[in-house]
Amino acid sequence: MRHEASPRPVEPRALHFGDEASRQDAAHLGMWIFLATEVLLFSVLFTAYALYRLTYPGVFQQAPAHMDVFLGTLNTFVLVVSSILVALAVDAIRNGRDFAAAALLALSVLLGIAFLFIKAAEYTKHVHDGALPGAWYAYEAFALPGANLYFTLYWVMTGVHAVHVLVGVGVLVTLALRTLAGEFGARFHTPVELGGMYWHLVDVVWLFLWPLLYLT
Amino acid sequence: MAPSHAEPTVAGPSYLDAERGLWSWLTTRDHKRIGVMFLAVLLLMFLLGGIFALALRVELLTPGETVMGRLAYNRAFTVHGVVMVWLFLIPSIPTAFGNFLLPLMIGARDVAFPRLNLASFYLYVLGAVMTLWGVFQGGVDTGWTFYTPYSTVTGRDVMPVLLGVFVVGFSTILTGINFITTVHTLRAPGVTWMKVPLFVWAIYGTSIIQVLATPVLGMVLMLVALERVAGAGLFDSSRGGDPLLFQHLFWFYSHPAVYIMVLPGMGVISEAVCAFSRKRPFSYRVIVWSTVGISFVGFLTWGHHMFVSGQSTFGAGAFSLLSMLVAIFTAMKIFTWLGTMYRGSLWVSTPFTYVLGFIFLLFFGGMSGVAVAVTSADLHWHDTYFVVAHFHFIMVGASLMAFLAALHYWFPKMCGRMYPEGMGIGTAVLIIFGFIATFLPQFLLGNLGMPRRYADYPEAFQPLHVASTAGASLLGFGFLIVAIYLGWSLRHGRAAGRNPWGSEGYEWLSDSPPPEFNFHAPPRFPRPPHDYANPGANTEVEHAA
C-alpha cells in the first residue's frame, strides 16, 4: 500500500500517453510483438528439425533411447512450476503483496538455476559419450547416417533455449530485487508482468522441445 | 489527463535549437533527431556503396582485367551488395523518414519507446561498424547473400560480417516493434485507422515484415556461423545436411526484405502524389489494402529464388503464381497514383519529378519481375544480368527514387530551408536518364547470356557494357550535384516557412522545422489527410482554449 502514494516521475517525452493505463497498454503490446519475434527465431530450428526428421525418420525415432528421459522430464516439471510461481508473483504484486511477490520471484529464480544445472549434467553426459554437435560427433553407440544432425539440432535447440533461460533468470533476479526495494506495487508493476510474459515464453518453447527431443 | 500543452502558440525554439551541442544529439530521445542521425549515417553508407558500384562498372569497361583482379572484383561486389542492401536500403526510409515523420503524421509527441529508439540507432551503428570492419579486414568474397556451401568453406573470415548483420537485424526489429506500437497506441484523437496517412500505413506494413522476418535471418546467420566454427552439418551435404535449406531460410527473410525496401518508397509516393496533384488519393482504401496485401503475400514468394536449385515442380509452380500476385497489388497502387494525378493540378517540382521516375521505373521493374517469375523463362534468365537489371530497377529505380523524392519533399520540413528548385528538377531528370542508361543495357546483356558476378566477358558484349558504365557515371555525377546543392541549402537556402508545398498532409500542420514536442498545442484532425477540398480544416491550435 505504501507505494501507491508515490507517483513515478514521468519524463516530458512520455506525456504523449494520455494516462498511465495507455502507457502500460503500449508496453504490453511491444512485449507481445517481441515474443512473436522470439517464436520466429525458434521456428527456424523447428523447420530444420522437421526437414531432417523427414529425411532420417529412423534416426529420429531411435534417438530418444539415447537421451536421459528422466532428466528431460524433470526439467519440464521444474520449468512449469517456476512459471506457475511467476504467475502467482504477478497476482501478488497486483494485489499489493510486494514481499510475497519478491519471494515467489526468488523461488522461480532458484528453479531456473536448477534447470540450468540439470541441463549441464545432461550435457556432461553427452560430452562423455561423444554425442557432440557437428564435426565433433563421435558417439559410437548411435552411428547411423543423420545421427550427427539429430545431435547438432539437439545442441542448438536446447543451447539457444538455455541462453534464454539464463537471460530470464537475470531478468527475474532484477525484478525480485526491484520489488524488494519497493519500486513496484499494486499501482505500478508493468515490468513484473513483462518479465513474467518472457519467462512463460521460455517455458512454452521448452514444452515443444521436450516431446520433440525426448519422447517421440 | 491531457498532456501539458498549455503554453500559447508562440513560435518557440525548433527541435534543432531546443538543446545545443554534440552531446545533446548523441543522447537525444527525440524521434526527429534520431531520424536525422540515421539519415546522416545512411547517406555515408550510400556513398560507400556507390563508390564500389562505380569501381565495378570501371572494371567491366573492357573485357579481361581493367583495374582489378578477379578476387578483388569478387570482394568489391560483396562490399557493394552488403553495404547497399544491409546498411542502406533496408534501414533507409523507415529509420530516417519513418522516425522523423511517423509521430508527426499521427499527431503524437514521440514514438512509443523513445529510449528503445535511440538504442536502435546505436545498435545499427555498432552492427554497421562490425560489418564494414569484417568485410574489409576479412576480404569477404561471398556476395551479400552468404550462400552455403561457399560461405562455410571460403578461406576469408566471414564471421564478423555475419555477426554485424545479425546486430543490424536487432536494430531493425527494435525499430519495427516501436513503430507498430506507436501506430496502435499514439494516434491523436480523430486519427482513425482509415484516416492514418498512407506513408504511415506503408511504414506499418513494413514494420510487420521486419518484425516477423528478421528473427529468421538472425538465426540463419548464426547457423552459418556455427557451420564455420563447429562444422554443424545442417547445410553441408557431406555430413548429411542440405545446402538448399539455407536458401529456403535465407530467402524466407530476404524476399520479404525486398518489400522492406520498396513498401516505404510506395508510401512516400502516395504522399507526394497527393501533395503535388492537389487531390485526395484516388482510392485511399485500395492503397491501404494493397499495402497489407504485399506485406502478406511477400512472405509466400521466397521459392522463386530457387527455380533452378532443385525445387519440386509443384513448389516452383506455386511460388510462380504467388509471386505474380505481388504484381497485381503493385499495379493497384500504380493505377491509384495515376488516378490521383488525373485531372489534378500538377506541380512539377523536384519531388514530383522523382515520383514520375519512380512510377515509370517501377512499372518496368515490376513487369520484368513477372517475366522472371515464369519458371520456363527463368531457366534462361536465372543468374544473368537480366535478374541484376530487374532487381536494380526495383531497388534503385523504385526505392532510391522514392528516397530522393522523400529527401526533397521533406527537406524543408527537416531543416526549414529550400533547395534550388530548378537545379533539383534538372538533376532529377539527369539521374533518371542515367539510371535507364545504366540498367537497360543490362537487360539486353542478360538476355544475351551475360552471367552475373563475372569480372570478364566476350568482346561482343563490350558496347553494352560501355553504355552501362557511361550511365553509371551519369548517375554518380547526378548524386554528386544533389549532395552539393542540398549541403549548400542546409546553410544558405531561403527560409521555407511552415508549409512551402501547400500540402494538406498532417505533418505540415506543425512548424518547419517542428518544435521539440512536434506541436505547440494538441492537433485536431477532423478531416482525412490531403483533403484539398477543405483546406485548413485540420489544425494544430485548439481554438477553444
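Within the set A:Leu29, A:Leu116, A:Leu71, the sole residue that is farther than 30 Å from B:Leu174 by Cβ, free of Cβ contacts under 8 Å to residues at least 60 places away in the same chain and either in contact with a Leu (Cβ under 8 Å, 6 or more places away or on another chain) or among the aliphatic types (A, V, I, L, M) (or both) turns out to be A:Leu71.
Per-residue answers, yes or no, for (1) within 30 Å of B:Ser503 (Cβ to Cβ); (2) surrounded by fewer than 24 Cβ atoms within 10 Å (Cβ to Cβ); (3) of a type in the set (Asp, Glu):
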position: B:Gly310; (1), (2), (3): no, yes, no
position: B:Tyr342; (1), (2), (3): yes, yes, no
position: B:Val374; (1), (2), (3): no, yes, no
position: B:Leu404; (1), (2), (3): yes, no, no
position: B:Lys413; (1), (2), (3): yes, no, no
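Taking helices (runs of 4 or more DSSP H) as the structural unit, those lying wholly within segment B:22-114 and holding at least 1 residues that are closer than 30 Å to B:Pro458 by Cβ and under 15 Å from the mean Cα position of the chain (by Cα) correspond to B:31-59, B:70-81. Scanning segment B:488-518 for residues that are surrounded by fewer than 22 Cβ atoms within 10 Å (Cβ to Cβ) and more than 25 Å from B:Thr350 (Cβ to Cβ) yields B:Pro515, B:Glu516.
Checking the structure you have, find out if any residue of segment B:483-500 is β-branched (Val, Ile, Thr) and touching a residue at least 40 places away in the same chain (Cβ under 8 Å). No, every residue in segment B:483-500 fails to be β-branched (Val, Ile, Thr) and touching a residue at least 40 places away in the same chain (Cβ under 8 Å). Residues that are in a helix (DSSP H, G or I), farther than 18 Å from B:Gly155 by Cα and either of a type in the set (S, T, N, Q) or at the interface with chain A (Cβ under 7 Å from one of its Cβ atoms) (or both) within segment B:230-243 comprise B:Ser237, B:Ser238, B:Arg239, listed in sequence order. Can you name every residue in segment A:36-58 that is surrounded by 15 or more Cβ atoms within 10 Å (Cβ to Cβ) and more than 9 Å from chain B (Cβ to nearest Cβ)? Listed by number, the residues that qualify are A:Phe46, A:Tyr49, A:Arg53. Taking the condition within 14 Å of chain B (Cβ to nearest Cβ), modelled with pLDDT of 95 or more, within 25 Å of A:Ile93 (Cβ to Cβ) and buried (at least 16 other Cβ atoms within 10 Å of the Cβ), does A:Leu172 pass? Judged against the criteria, A:Leu172 is not a match. The set of residues in segment B:434-466 that are out of contact with any Gly (no Cβ under 7 Å at 6 or more places or on another chain), within 17 Å of B:His390 (Cα to Cα) and of a type in the set (Gly, Ala, Ser) comprises B:Gly446, B:Gly449.
For segment B:440-476, the set of residues classified as more than 28 Å from the chain's Cα centre (by Cα), crowded, with 16+ Cβ neighbours inside 10 Å and assigned to a helix (DSSP H, G or I) consists of B:Phe461, B:Leu464, listed by residue number.
Between B:Glu271, B:Glu227, the distinction of being away from every other protein chain (no Cβ under 14 Å), acidic (Asp, Glu) and either buried (at least 23 other Cβ atoms within 10 Å of the Cβ) or under 23 Å from B:Thr301 (Cβ atoms) (or both) belongs to B:Glu271 only. When B:Pro264, B:Pro281 are checked against the criterion of being in contact with a helix residue (DSSP H, G or I) (Cβ under 7 Å, 6 or more places away or on another chain), surrounded by 24 or more Cβ atoms within 10 Å (Cβ to Cβ) and more than 14 Å from chain A (Cβ to nearest Cβ), a single residue qualifies: B:Pro264. Of the residues making up segment B:249-261, just one is within 21 Å of B:Thr154 (Cβ to Cβ) and at the interface with chain A (Cβ under 9 Å from one of its Cβ atoms), namely B:Leu249.
The values are calculated or read from the model by the stated rules, or taken from the named source; none is laboratory data. As the structure is a computational prediction, the values presented were derived from the model and not from experiment. Every residue, glycine among them, receives a Cβ derived from its backbone with ideal geometry; neighbour counts consider all protein chains shown.
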